Structure formats: C-alpha cells, structure tokens
C-alpha cells in the first residue's frame, strides 16, 4: 500500500522533468517560478504548493528554488471524492479549471507542511500495515491546511465574490451547458456580446480563452466518469453527446496523452463507484 504514496526531493537546477503521471501530485517549493499546466502559463513568487490531478501536463520554464519536494499519491490510497466531507479539496485544490492550480502560503504554514512531508517520507518506507492510516492522516492534514489557505487567497476570493460583471457567472453557465453547447458563440450570445469581446472578458477574469475552458470542462467530465463510474467508454461518450466512441477515444488521448481505457486502468475506478 505504501508504494501508492511517495515523496521525491528534487534538487534544482536543472529544471524538473516535464511528464504526465497517473498520480495526484503536490509540488512544494519556495522561489520565483514560471511554469505551465496543460499549456496555460502561471507565475508565482515565494512559498507555494502546486496541485495536479492525474495526467495533467506540467512544464517548468524557470524556477529559483534550491529544492522541490513532491508528494505523489494514487487515488487508491486516498480518494479525494470519498473524503470530500473531511477535506473539501476536489474543485478547490484539484480539478479546478477556472483558477490557478497553486496556492501561496505563509512561512508558518509552509514549514508545517514541510514537517509533515518529512514524517510521510520516513513512514512511507515502513512495511507495517498499521502505518497506512497514519500516512493517510498526514496527507489529509496537508490537504486540509492548503484547502483552507486557498479559500482565503486573494485570487480565490476575487473570483468568487459578487460582482456587477455577469461574465463572472460564466463558470456556472459552462457547468450547466458544456455537454450540449460547445460553441463560443453560444455563450457570447447569452451575454449579448460579440465572440471577440466575450473572449477578451473571459481571458481577463479566468486567464484562459473560452474555447480552452470549454475543452477542459469536457475532458474534466470525461475523467470524472471514467474514475467515478463503471460506465463503458461507449456509454460515457454517449453521455457527453459524442456519437462516435472511437472519435471520443482519439480526442481524449490527444488532450490527455493516454486513451480513456489506459486512463481508467492506471488511475483506477474510485471507491465511490465501487
């Protein structure tokens, strides 16, 4: 079981290797950084934690940190959906396409996380079965601390506070209509805007083009159904209003890097589905 959670310590430079994995990842670093997640670029300073869901693509462009700690854990070890009552991290730390995937933390929180990481590293090398519950508790504590920090982060608050600009409701609109409506013009028309004006507004508020958000929302739902249900790939394609199962598989592989079948085999089917 302990092989399903692992701590890596990466010395930089050189830049960390770009790759895609079937694990949830938490990158812990201190220093000015530039990186992209699924081809969207982000910049951050100071002490940060970066959260990646399985098969998200991370590429580092620059980082001044001396060392990076990375927690890798599989959904079979800790299911973020199953534990959503204890830690509200799904949609906040992970699987949040509308906001930046990292959170800046205070020195006190950063040092507390680092101390827990050290404990995980020591305990994960143990062969004792009863240590597994302690490892899960340590991981859950990190997720709870970071989820709390994310929800008081100025960027998070800005995106979630009431505003006179109706474009901030685009997240809810997209969540409601992304299956049947994948045209940017549909959403632009809803707000009575031209496609160009609408796209600029969405880019300003969400940091991504609306076409990319539509695409990411579809892929996020496909991943969710593959992980949280036992529906066949054909059934999932149909549910997503994609008539051709093989087209869906090709599209998913192009965007994620692996086929739906491979994604399900490596990420697994959640305990929620079981």
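No lab work stands behind these numbers, since they all come straight from the coordinates. Worth saying up front: this structure is predicted, and the values here are computed from it rather than measured. All Cβ positions, even for glycine, are placed from backbone atoms using ideal geometry, and neighbour counts span all protein chains on display.
Per-structure values
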item: Rule-of-thumb Rg ratio for the range 23-115 [Cα; 2.2 N^0.38 Å; N residues]; result: 1.07
item: Ranked by how many other beta carbons lie within 10 Å on average, peptides 189-200, 26-37 from highest; result: 26-37, 189-200
item: Degrees, to the nearest 10: 210-228 long Cα axis against longest axis of the chain; result: 60 degrees
item: Mean separation of Cα contacts under 8 Å, 6 or more apart, over the residue count of the range 2-158: relative contact order %; result: 27 percent
item: Reported label for calculated percent of Cα pairs over 27 Å apart given [x] 51; [y] 37; [z] 42; result: [z]
item: 0 to 90° range, to nearest 10: angle between helix 131-151 axis and the chain longest Cα axis; result: 50 degrees
item: The chain - percent relative contact order, Cα under 8 Å, separation 6 or more; result: 18 percent
item: Cα shape, the range 164-267, gyration tensor, a/c 1.5 rule; result: prolate
item: Cα long-axis angle, helix 195-206 against the chain (0 to 90 degrees, to the nearest 10); result: 20 degrees
item: Distance from the range 92-112 to the range 210-274 (C-alpha centre basis), Å; result: 26 Å
item: Additional length obtainable on full extension of the chain from residue 131 to residue 18, 0.36 nm per residue less Cα span; result: 37.5 nm
item: Simple spin-label estimate for residue 114 and residue 244 in nanometres, 7 Å along Cα-Cβ; result: 5.3 nm
